[in-house]
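As structure tokens, the structure follows; a few thoughts come after it.
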Amino acid sequence: MGYSDQFFKALGIRADGGGNLEKFAKQSGVSAKRLKYYNENNLVPTGGDLNKIIATANISELLLRLKMGRFDKDIIEAIQNNSEVIFPIIEEHAKTIEPHANSCTLAFETKLGKLYKGDCFDLLKIMDSDSVDLVFADPPFNLSKLYPSEINDNIRIEKYIYWCQEWIKECARVLKPGGAIFLWNLPKWNVALTSCLEGMLTFRHWIAVDIKYSLPIQNRLYPSHYSLLYYIKGDKPNTFHPDRLAMDVCPKCYGDIKDYGGYKDKMNPTGVNICDIWTDIAPVRHAKYKRRKGSNELSLKLLDRIIEMASDEGDLVFDPFGGSGTTYMAAELKGRRWVGCEIGPCDVIQDRFSLIKEEQKILEGYRSTINSLFPEKTRLERVKRGLWTCESVKKKKQPNE
Ligand SMILES: C[S@@+](CC[C@H](N)C(=O)[O-])C[C@H]1O[C@@H](n2cnc3c(N)ncnc32)[C@H](O)[C@@H]1O
């Protein structure tokens, strides 16, 4: 993993360990270890290191930035002001990029959706602009995972970012004005992808979904959340009806856990407002619930929440990375049309649809616990224990009104 040695190339250092790295380090007074760090992360040095490096390589900071593709405000302004001159050069370069053959075929269809087998770029190519209401994407994370599709999940950093930028650009094209796009990824990658999103869409939320996904790492904070980026096309969402959540109560005694400002009578009986930190999405770990071997299946609850929030019945939902088909299952169960793609085996997704009744029960289970401050079971337990409920608070309030 890493970037494509743009830093070394700009300084004339051989990346194959041909010997001149040590020489450059000695001449510049910047250690070989540090030079490698700048190269592997494609970082423009700052301060003392920058001065020493550019003096040794006899290169200006500006040329170094250009060669590394790290543009600052001055470069961007110069490009904007000289776009007519630069345009033919870039256009000529684009012609050298080979188009690849279209390999997308219909794998199966349901009452509401279609799954294609192949590369999502091929599917996107034949999709109409402004045609999709909601995009959800959970791409491979470039973590060297072995997928059934055997895709390379360990590519150079900038190649991964460019790849993501390309499908994001296409997803933005097919999204309807007012439509929503949700990107699920590690914070590290979503941070890098925001620059591309910011150039086309409007930011709504960075949702932190509290799921532990790796073991504690020395000298790091314990990675505990996935990032769910939420953008829309244009300035106003066509649809926004987030679920409301039940009040947190003790699972044993059903008593209050949090003080919601002390205003029991002001609490909305349909539940509390959902915030941008989601702590109630459990990972799909248990083999019994997994539709596919491997660890990358998302929970139906997550997709239910997103689809409910940003689409209406009959809307079209698109997910370019099928996996085990969680998005498609949630869309079908919720009466949304859907279209999807998977480069690897699609039979897992098709088989999953033969168990749709089971999935329906799971979904109904989730939905019976939301949009009410005290879902029925909790309400009954609280009544039994003499704890306050929406009804008891309302009754108390009435005589003084
Ligand atoms: C992280 S998984 C998605 C899991 C899915 N959200 C679920 O809940 O089951 C990513 C999937 O994208 C597929 N994939 C990778 N590159 C692709 C491409 N270019 N086009 C279509 N699918 C691709 C992989 O084979 C993998 O199954």
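If Lys and Arg each add +1 and Asp and Glu each add -1, what is the summed charge of the other residues whose beta carbon sits under 15 Å from the beta carbon of Lys52?
On the way: positive: Lys23, Lys26, Lys33, Arg34; negative: Asp49, Glu61.
Residues near Lys52 contribute +2 overall.
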query = Say a paramagnetic label sat at a point 7 Å from the Cα of Glu166, along Cα to Cβ; which residues of the range 303-337 have their backbone N under 20 Å from it?
reply = 319-323
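For the chain, just say rounded, prolate or oblate: build the C-alpha gyration tensor, square-root its eigenvalues into a ≥ b ≥ c, call rounded for a/c under 1.5, and beyond that prolate if a/b exceeds b/c, oblate if not.
On the way: a/c = 2.15, a/b = 1.69, b/c = 1.28.
In terms of gyration-tensor shape, prolate.
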note = Excluding residues fewer than 8 positions from Lys258 in its own chain, the lysines with Cα under 18 Å of it are Lys266
request  = Would you kindly find the accessible area of Leu355, with a 1.4 Å probe and non-protein molecules such as ligands, DNA and RNA excluded, rounding to the nearest 10 Å²?
outcome  = 70 Å²
ask   = When you count, for each residue, the other Cβ atoms within 10 Å and take the mean per peptide, how do 256-263, 38-45, 117-124 rank with the highest first?
value = 117-124, 38-45, 256-263
Taking the range 6-95 and dividing mean pair separation by its residue count, relative contact order in percent (alpha carbons under 8 Å, at least six apart) = 28 percent
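Percent relative contact order of the chain, based on C-alpha pairs within less than 8 angstrom and at least six residues apart? Intermediate values should be presented prior to the final figure.
Values: 599 pairs, mean separation 65.1, N = 401.
16 percent.
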inquiry  = With a 1.4 Å probe and all protein chains left in place, how much accessible area per residue does the chain have, in Å²?
reply    = 56 Å²
Pairs from Lys252/Lys361; Lys301/Lys334; Lys264/Lys395; Lys169/Lys212; Lys9/Lys33; Lys26/Lys67 whose Cα-Cα separation, in the structure shown, is over 19 Å = Lys252/Lys361; Lys169/Lys212; Lys26/Lys67
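So, counting K/R as plus one and D/E as minus one, what does the shell of residues with Cβ under 14 Å around Ile75 add up to?
Numbers: positive: Arg65, Lys67, Arg70, Lys73; negative: Glu61, Asp72, Asp74, Glu77.
For residues surrounding Ile75, the net value is 0.
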inquiry  = What whole-number distance in Å separates the alpha-carbon centres of the range 348-364 and the range 148-206?
reply    = 28 Å
message = Check which residues have an amide H placed less than 5 Å from Ser299's amide H, if you skip close sequence neighbours.
response = Val284
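Computing the accessible area with a 1.4 Å probe over protein heavy atoms, can you report the carbon and sulfur percentage for the chain?
Details: 12040 of 22390 Å².
Ligands and nucleic acids excluded, carbon and sulfur reach 54 percent.
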remark   = By the DSSP-based rule, helices of the chain that are at least 24 Å long along the axis (C-alpha) and have a mean Kyte score of at least -1.0 are 157-174
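The values are calculated or read from the model by the stated rules, or taken from the named source; none is laboratory data. Everything numeric here is computed off the predicted structure, so don't read it as measured data. Please note: Cβ atoms are built from the backbone with ideal geometry, for glycine as well, and neighbour counts cover all protein chains shown. Each accessible area value is taken on the protein alone, full model and side chains, heavy atoms only, with ligands, DNA and RNA left out. Shrake-Rupley method; radii C 1.70, N 1.55, O 1.52, S 1.80 Å.
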